[in-house]
Amino acid sequence: MIGKGVWAGLVGQSAAIQVLSTAAGAAAAGTGGMTHAWLFTGPPGSGRSVAARAFAAALQCAARDKPGCGTCQSCRTVLAGTHPDVRNIVPEGLSISVAEMRALVQAASRRPASGRWQIVVIEDADRLTEGASNALLKAVEEPPARTVFLLCAPSDHPDDVSVTIRSRCRVVALRTPSILDIADVLRERDGIPADIATWAASVSGGHVGRARRLATDPDARSRREAVLAVPPALLGAADPFAAAEALVAAAANEAIETTRNRDESEKAELEMALGKGGTGRGAALAGRGTVGAVRELERRQKSRATRTQRDSLDRALVDLAGFYRDVLAVSFGADVPLTHPDRLAEIRSAASSYPAEAVLRRLEAVLACREAIELNVKPRIAVDALVTVLRHG
Ligand SMILES: [Zn+2]
């Protein structure tokens, strides 16, 4: 099911849409008390940040009787990320710093400039440092009258969101959209041909954005090919360390591609803003501050590149885990949808080559590798350890 108005970006989330549009309606009518902190949870790709932004738009919407029209100036600017009273925080580095969070909390305590609420959307709230989380907690405990915090995290487990913050939030749980829901949206909204939409939805693991990328981006398809070529190669005579090399290199290349253009244009913008290339006393004075500002930008860009590389490697490992999980499902004859239904032949062949315990050891090794990388182990070292297990069990 595809929602309407501001909810159009949400796929298969009718229960959450119901809760949010009711709350936005009550807020517009001024009936009942407003909840000032919301926590959007759900697996990656279920649309946590899409739901948070849609709710922010509905709260600012000009259509008071049925907020969330999607067409008024408020709805459009919130969805485009340009509304002056909606701040969208995406931790691009490895975490959000205390200083960033303090500045944000302070800005959010001002009266709304034009909208009805000051809204702060924090994507990946699970990446807050303890210090940043404490700075946020103070604001969430005593929110200014017109301020609303919308947090997004994979779950409301204490590993993702501190218990104290969780206790102040109303939780909106999103579910993994079905393959049919995803295929529908790819076809109807993105105009993707039916056969490609169905295939991409079936191998996306319930991740809408991933399905769209696989359907439209040949590079994303070939990266998936490369990852799924690893297990069959390890069954044969392939060099396991070449396979490890390929995995890490693919992730690094993706990170470089996605961040390079942005890095360059950010640097050019900053230098322009700092008056680089000007002459005279003003420009000379500006020049001194420039070096520091450029260094700070480069530091942030480096941190973002590291995060992007880890995220792409993690996605590769999720695909790999899906393969061994499928092998296990096939060995047990379990009647469940496969993660990689288009690899049935390779999955069957692995199922007949390994005893179930051997498959389980491999699956556990992939999950351990994900954890090691999350804990800052160098990707190459973690992946080398992984392929040793994948090869020899
Ligand atoms: Zn509207």
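At 1.4 Å probe size, what's the solvent-accessible area of D195? Round to the nearest 10 Å².
The value for D195 is about 110 Å².
Please find the FRET efficiency linking E245 to L344, where r is the Cβ-Cβ separation and R0 is fixed at 22 Å, and quote it to the nearest 0.05.
Values: r = 28 Å, r/R0 = 1.26.
It comes out at approximately 0.20.
Assign one of three labels to segment 199-270, namely rounded, prolate or oblate, based on the Cα gyration tensor with a ≥ b ≥ c the square roots of its eigenvalues; rounded applies when a/c is under 1.5, prolate when it is not and a/b is larger than b/c, and oblate otherwise.
Oblate shape, in that a/c is at least 1.5 and b/c is the bigger or equal ratio.
For a test of understanding, tell me how many lysine pairs in the chain have Cα atoms under 24 Å apart, given they are 8 or more places apart or on different chains. Before the final figure, lay out the partial values.
Details: K4/K66; K267/K276; K267/K302; K276/K302; K302/K378.
Count of close lysine pairs: 5.
May I ask you to derive the FRET efficiency for H392 and F332 from their Cβ-Cβ distance with R0 = 35 Å, giving the value to the nearest 0.05? Could you put the intermediate results ahead of the total?
On the way: r = 23 Å, r/R0 = 0.66.
It comes out at approximately 0.90.
Please compute the contact order of segment 34-102 in relative form: average sequence separation of alpha-carbon pairs under 8 Å and at least six residues apart, divided by the residue count, as a percent. Numbers along the way, then the final one.
Details: 49 pairs, mean separation 12.4, N = 69.
Relative contact order of segment 34-102: 18 percent.
May I ask for the angle, rounded to the nearest 10°, between helix 14-29 and the longest principal axis of the chain, with both axes built from Cα atoms and the value confined to 0 to 90°?
0 degrees
For the chain, with every protein chain kept in place, what is the accessible area per residue (1.4 Å probe, Å²)?
Details: 19110 Å² over 393 residues.
Each residue of the chain exposes 49 Å² on average to a 1.4 Å probe.
Connecting C-alpha atoms closer than 10 Å in a GNM of the chain, tell me which of R310, R111, R260 has the biggest fluctuation.
Of R310, R111, R260, the Gaussian network model singles out R260 as fluctuating most.
Any idea how far apart M34 and K66 come out in nm if each label point goes 7 Å out from Cα toward Cβ?
2.3 nm
Based on the Cβ-Cβ distance from S222 to R102, what FRET efficiency comes out when R0 is 45 Å, to the nearest 0.05?
Values: r = 44 Å, r/R0 = 0.97.
My answer for the efficiency is 0.55.
For helix 218-228, report the angle its Cα long axis makes with the longest principal axis of the Cα atoms of the chain; keep it between 0 and 90° and round to the nearest 10°.
Its long axis makes an angle of about 50 degrees.
Could you tell me the relative contact order of the chain? Use alpha-carbon pairs under 8 Å, at least six residues apart, and round to a whole percent.
Numbers: 568 pairs, mean separation 59.7, N = 393.
With pairs under 8 Å counted, the relative contact order is 15 percent.
Please check: in the Gaussian network model of the chain (C-alpha springs, under 10 Å), which one of R53, R361, R87 has the largest mean-square fluctuation.
R361
Which of the three applies to segment 123-216, rounded, prolate or oblate, going by the alpha-carbon gyration tensor with a ≥ b ≥ c and a/c under 1.5 meaning rounded? Please report the intermediate quantities before stating the final value.
Details: a/c = 3.36, a/b = 2.75, b/c = 1.22.
Here segment 123-216 falls in the prolate category.
Kindly provide the chymotrypsin sites (Phe, Trp or Tyr not before Pro) of segment 33-106 that DSSP labels as loop, not H, G, I, E or B, and whose Cβ sees at most 10 other Cβ atoms within 10 Å.
On the way: sites: W38, F40, F55; in loops: none.
Listed in order of number, the matching sites amount to none.
Let me have the relative contact order for segment 318-376, percent, based on Cα pairs under 8 Å that are six or more residues apart. It would help to have the intermediate numbers written out before the result.
On the way: 40 pairs, mean separation 23.9, N = 59.
After rounding, I find 41 percent.
Whole-Hz ³J(HN,Hα) for each residue in segment 359-371, computed from phi via Karplus 6.51 cos²θ - 1.76 cosθ + 1.60 with θ = phi - 60°, x for glycine and proline: what do you get?
5, 4, 4, 5, 4, 4, 5, 5, 5, 5, 5, 4, 5
Please compute the length gained on full extension between A358 and N253, using 0.36 nm multiplied by the number of residues separating them and subtracting their Cα-Cα distance.
Details: separation 105, 0.36 × 105 = 37.80 nm, distance 3.16 nm.
Gain in length upon complete extension: 34.6 nm.
Taking the chain as a Gaussian network, Cα atoms linked when under 10 Å apart, which of R175, R212, R64 shows the biggest mean-square fluctuation?
Result: R64 has the largest fluctuation of those listed.
Helix 130-141 against the longest principal axis of the chain: what's the angle in degrees, Cα atoms only, rounded to the nearest 10?
50 degrees
Mind ranking V105, V291 by accessible surface for me, highest first, 1.4 Å probe?
Working: V105 30, V291 75 Å².
So, going from the largest accessible area down, we get V291, V105.
For segment 309-393, what class follows from the C-alpha gyration tensor (a ≥ b ≥ c being the square roots of its eigenvalues): rounded when a/c is under 1.5, otherwise prolate if a/b is larger than b/c, else oblate? Walk me through the intermediate numbers first.
On the way: a/c = 2.49, a/b = 1.70, b/c = 1.47.
Prolate shape, in that a/c is at least 1.5 and a/b is the bigger ratio.
State the percentage of accessible surface on the chain attributable to carbon and sulfur atoms; use a 1.4 Å probe and exclude ligands, DNA and RNA. All intermediate terms of the calculation are to be shown ahead of the outcome.
Numbers: 10440 of 19110 Å².
Summing carbon and sulfur atoms, their accessible area is 55 percent of the total for the chain.
The values are calculated or read from the model by the stated rules, or taken from the named source; none is laboratory data. Small disclaimer: the values here were computed from a predicted structure and weren't measured. Cβ coordinates were reconstructed from backbone atoms using ideal geometry, including for glycine residues, and neighbour counts include every protein chain displayed. Each accessible area value is taken on the protein alone, full model and side chains, heavy atoms only, with ligands, DNA and RNA left out. Shrake-Rupley method; radii C 1.70, N 1.55, O 1.52, S 1.80 Å.
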